[in-house]
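Report on one structure; see the data block that follows.
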Amino acid sequence: MIYLDNSATTRPKPPAVGRAILAALEGFGNSGRGAHDEALTAARTIYDAREKLAALFGCNRPERVCFAQNSTEALNAAIAGLFAPGDHVISTDREHNSVLRPLYRLRAQGGEVDFVPADRHGQIDYADFEKLLRPNTKGVVCTHASNLTGDVTDIVRVGNFCRTHGLTFVLDASQTAGLLPIDMAAQGMDVVCFTGHKSLYGPQGTGGLCVGEGVELRPFKVGGTGVQSFSEIQPMEYPTRMEAGTLNGHGIAGLSAALDWLNETGVDSIRAHDCALARRFYESVKDLLGVTVYGDFSSEVRAPIVTLNLGERDSAMVSDELERRFYIATRPGAHCAPRLHRALGTEEQGAVRFSFGYFNTEAETDEAVAAVKTLAEEL
Amino acid sequence: MEETVCIVTFPTTAGAMAMEKCCRAEARPGRLIPVPRSVTAGCGMCWMAPKDSREALEELVVRRKIQIDGIYDMAAPR
């Protein structure tokens, strides 16, 4: 099997991740519940992970790294915690449903939402952010890189726009955490939402949000925290403000080990490797008769994604054939990105996404190219 | 004579972890224990250190920006 669905979840994980999870399963008590050694071991590991994530994302304080199950939960918490009925929020057509659905819900509750449109090539015009500004605009929520095309958002530009107008900037870093440099303080983000199981190479069920200085979120969940038990309200100190119930300590132990691997390997090295494979694949398939590739490949700053279609073929059937006949795992369909599919004109056909990771090789990439060539010739 | 200690309490577990990490890094004495009910009727953990370390701990908490609830001198909890 050649696994080219790393944008869904990276596979395999570094071996140290599994070892850390197993050790945690065998050794951890419950973080923050008691002060015995087993509970402290869990709490120390979780705190170490906060420190590593704060350093990775340029978050000033480790206690402002709040854990969640994944990006979706983090984005729900950020959007519900920041915006209220009557507020206006700007987003883009490039978003995943993890951004879109919380925003649609806000709109149903009396909020106002506008989307910077994507053209038929999936590109956005940054001047549109200014055009959509209203007196009640409170924030911008947008993705760092499209999970459909791999196109990257100029977050410095969006950050400057937000600073100029006093808006809160929420970044969806699902596809870029661990892949592209993210520095909250320098780039002007107020909240960065991340998942642990994609380009951070950790386990599923881990993720969170980094909250900038001065950013006040209403708690999304309330409940047991291990502290302030007689208070009827959720403690307002971060990270406890955003963390109710037992954390996924076992998973966070794995994520912490993944962050060590990431730091040893180097974000720049990982990006160079992954993007070189994606570029190699793209250059080999882009001119094939019957192949349509989506996204802007004029830039080298991309997520390692190449999404394409073969003639008018149903993307689901192409993906199925890639697996059954060539043993290549890809992702067809809508990729939870309905607005961008509409913009690209692929709402009916969907598209086949090839996404590359650190454990893919040039030989695997070339096999995928050969498979696409064969299918294109058979059109 | 009854032994007295210095107790530092925290609003979050993360604060307690930061305290332990900083004290270990600077070779300060003390350890985390469950919060005595004579200090606060909640749960969680606190840092217990020798009484004569109070000034040094107050300085460390400010310098390392550790979130705390309070610092107390009290009889060693039993």
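Miscellaneous remarks
- Global size of the range A:254-370: 15.2, 45 Å for Rg and Dmax (C-alpha atoms, Rg to one decimal, Dmax whole).
- With every protein chain in place, chain A: carbon and sulfur % of accessible area (1.4 Å): 50
- Cβ-placed point charges (K, R +1; D, E -1), dipole of the range A:34-140 about Cα centre in debye, nearest 20: 120
- Calculated FRET value between A:ASP119 and B:GLU58, using beta carbons and R₀ = 56 Å, to 0.05: 0.40
- Looking at the range A:15-265, the DSSP beta bridges with both ends there are about 40 percent antiparallel.
- Rounded tilt (10° steps) of A:249-265 against the dominant C-alpha axis of chain A: 60
- The value obtained for the range B:4-75, namely the Cα convex hull volume divided by the number of residues, is 70 Å³ per residue.
- Rounded to the nearest 10 degrees, the angle from helix A:97-108 to the longest Cα principal axis of chain A is 60 degrees.
- Apportionment of accessible area to carbon and sulfur, chain B, percent (1.4 Å): 52
- Evaluated at q = 0.20, 0.29 Å⁻¹, a Debye calculation over the C-alpha positions of the range B:33-78 (equal weights, vacuum) places log10 I(q)/I(0) at -0.71, -1.24.
- Value at 222 nm in deg cm²/dmol, rounded to 500, when DSSP H runs of n ≥ 4 in chain A each add -39,500 (n - 2.57): -12500 deg cm²/dmol
- Using a simple spin-label model with pseudo-atoms 7 Å out from Cα toward Cβ, A:ASP314 and A:GLU26 lie 4.8 nm apart.
- Applying the Karplus relation 6.51 cos²θ - 1.76 cosθ + 1.60 with θ = phi - 60° to the range A:179-195 yields 3J(HN,Hα) values of 10, 10, x, 10, 9, 3, 5, 6, 9, x, 8, 9, 9, 10, 9, 9, 10 Hz, where x marks Gly and Pro.
- Convex hull volume per residue in cubic angstrom - Cα atoms of chain A: 130
- On a per residue basis, the convex hull of the C-alpha atoms belonging to the range A:42-92 measures out at 115 Å³.
- Peptide A:44-50 has a mean shielding of 3, counted as Cβ atoms of other protein chains within 10 Å of each residue's Cβ.
- Probe 1.4 Å, protein heavy atoms only - accessible area per residue of the range B:4-75 in square angstrom: 45
- The sum of -39500 (n - 2.57) across all DSSP H runs of n ≥ 4, divided by the residue count of chain B, sets its helix-only mean residue ellipticity at 222 nm to -9000 deg cm²/dmol.
- Estimated translational diffusion coefficient (Stokes-Einstein, Kirkwood radius over Cα pairs, 10 °C, 1.306 mPa s) of the range A:165-254: 109 µm² per second.
- Charge tally in the Cβ shell below 10 Å around A:GLU95, where Lys, Arg are +1 and Asp, Glu are -1, A:GLU95 excluded: +1
- The lysine pair tally for the protein assembly as shown, using Cα distances under 27 Å and a gap of 8 or more places or different chains, is 14.
- Modelled FRET efficiency - R0 41 Å, A:ALA272 with B:ILE33, Cβ distances, 0.05 increments: 0.25
- Mean silhouette area of the range A:152-306, derived from the convex hull of its C-alpha atoms and averaged over all directions, reads 11.8 nm².
- Between helix A:37-57 and chain A: long-axis angle, C-alpha atoms, 0 to 90°, nearest 10: 50
- Residues A:GLU367 and B:THR4, FRET efficiency given R0 of 60 Å [Cβ-Cβ distance, rounded to 0.05]: 0.25
- Restriction of the GluC sites (Glu not before Pro) in chain B to DSSP coil positions whose beta-carbon has at most 11 other beta-carbons within 10 angstrom yields B:GLU2, B:GLU3, B:GLU26.
- Karplus (6.51, -1.76, 1.60) ³J(HN,Hα), θ = phi - 60°, over the range A:236-243, in Hz, Gly and Pro reported as x: 9, 7, 6, x, 4, 3, 10, 10
- Chain A and chain B together bury an accessible surface of about 1700 square angstrom, both sides counted, with a 1.4 Å probe and no ligands or nucleic acids included.
The values are calculated or read from the model by the stated rules, or taken from the named source; none is laboratory data. On a predicted model such as this, the values are computed, not experimentally measured, just so you know. Note that each Cβ is placed from the backbone with ideal geometry, even for glycine, and that neighbours are counted across all protein chains shown. Surface accessibility is based on the protein's heavy atoms, side chains included, excluding ligands, DNA and RNA. Shrake-Rupley method; radii C 1.70, N 1.55, O 1.52, S 1.80 Å.
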